[in-house]
1. Residues with beta-carbon under 11 Å from that of residue 4, excluding residue 4: net charge, scoring Lys, Arg +1 and Asp, Glu -1?
2. Using a 10 Å cut-off on Cβ atoms, rank the peptides 130-138, 194-202, 176-184 from the highest mean neighbour count down.
3. Express in nm, to one decimal, how much length is gained between residue 243 and residue 143 on full extension, taking 0.36 nm for each residue of separation and deducting their alpha carbon distance.
4. Would you work out which of 193, 222, 259 lies farthest towards the positive end of the dipole of the stretch 165-282, given +1 charges on the beta-carbon of Lys and Arg and -1 on that of Asp and Glu, about the Cα centre?
5. Determine, for each peptide in 29-41, 84-96, 159-171, the mean count of other beta carbons within 10 angstrom over its residues, then list the peptides with the highest first.
6. Between rounded, prolate and oblate, where does the stretch 2-199 land on the alpha carbon gyration tensor, with a ≥ b ≥ c its root eigenvalues, rounded for a/c under 1.5, else prolate if a/b exceeds b/c?
7. Please identify which residues in the stretch 115-138 have an amide N closer than 13 Å to a label point set 7 Å out from the Cα of residue 19, following the Cα→Cβ vector.
8. Please work out whether the stretch 159-245 counts as rounded, prolate or oblate from its C-alpha gyration tensor, where a ≥ b ≥ c are the square roots of the eigenvalues and a/c under 1.5 means rounded, while otherwise a/b larger than b/c means prolate and anything else oblate?
Amino acid sequence: MTFLPAYIKRIGLSSVPTRADLATLALVMAAQSRSISFENCDVVLGKRISMADADVEAKLVGQMRGGYCFEQNTLLRMALQALGFQVTPVLCRVRWNKPSDEDEPNTAFTHMALKVALDQGEYLADVGFAGTNSIAPVALGTANSQALPEGEFRVTDGRPGYQVLQLHVKDEWRALYSWRVGEAAAAIDLECANWFSCTYPKARFTTSFFVSRVVGDEHHHILNEEYVVRKGHGVGSTVEKQRVADLEQLLTLLEEVFGIELAAGTDVTNLDRYLPPPANVD
């Protein structure tokens, strides 16, 4: 099976879309977000992450795995280009839960997103920021609030030369990530950022376990030992939390909730290294 039909089947669509328009972009983004989990299992297991198109396709489509932003948005870029879209990768500085960067940048370019050019203008497309990004396209070129399925978003100016994606949370606008205006990400820069993210000892994904998936109107994620289900968004949202007890429960959640099928024979030693140690039994 060639790439595009296999991808369309993987994300649960019944047929290949025939128009490269906003409706198709929204359809594909939502379908991938609901079908392919964000996950860093391979990083936790000490493996290196490849951004090569063939490797991304083999893992996320052929092996029924998920991936983090450099894999997820590489796959989305491949699919959109195959559907006839004009796509530009961009590198972003993560701003979510970070201190002000008014004086100087204090986060590296460790996130990949996409800009998609349509007849009505450019849109930001991102299926790889896990629990807080919009699974629908975000219009660029306007600072107005945009009511989207995952909440209210807007794009505004940041530090000089940057734009920022923001999410409205508890009566305030909070920055998710920023990018340089008008600058496309070179392949070598993406490769370096990906290498940093899966190897640097203090990088987020080498120091924690994280998996996330959109299920209906719910966001499910596991961060280290905590399994969280958030229903809805904004003031009407509810959050349920539980502790992941052991490796057996973690593997069950990965398969049954997140649709992650680790290959037979995978050495899962250390996959549970962020879970609490077993209680002492006298």
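1. Details: positive: 9, 10; negative: 57.
Value of the local net charge: +1.
2. Numbers: 130-138: 21.4, 194-202: 14.9, 176-184: 18.0.
Ranked from most to least packed, the peptides come out as 130-138, 176-184, 194-202.
3. Answer, rounded to one decimal: 32.0 nm.
4. So the residue we want is 193.
5. Packing proxy ranking, top to bottom: 29-41, 84-96, 159-171.
6. Taking the square roots of the gyration eigenvalues as a ≥ b ≥ c, the stretch 2-199 is oblate.
7. Within reach of a label on residue 19, which here means backbone N under 13 Å from a point 7 Å along Cα→Cβ, the stretch 115-138 contributes 119-120.
8. Numbers: a/c = 2.61, a/b = 1.31, b/c = 1.98.
Judged from the Cα gyration tensor, the stretch 159-245 comes out oblate (a/c at least 1.5, b/c at or above a/b).
Quick note: the coordinates plus some simple rules give every number you see, no bench work behind them. Given the structure is predicted, the values throughout are model-derived calculations rather than measurements. Quick reminder, even Gly has a Cβ in these numbers, built from the backbone with ideal geometry, and neighbours come from all protein chains shown.
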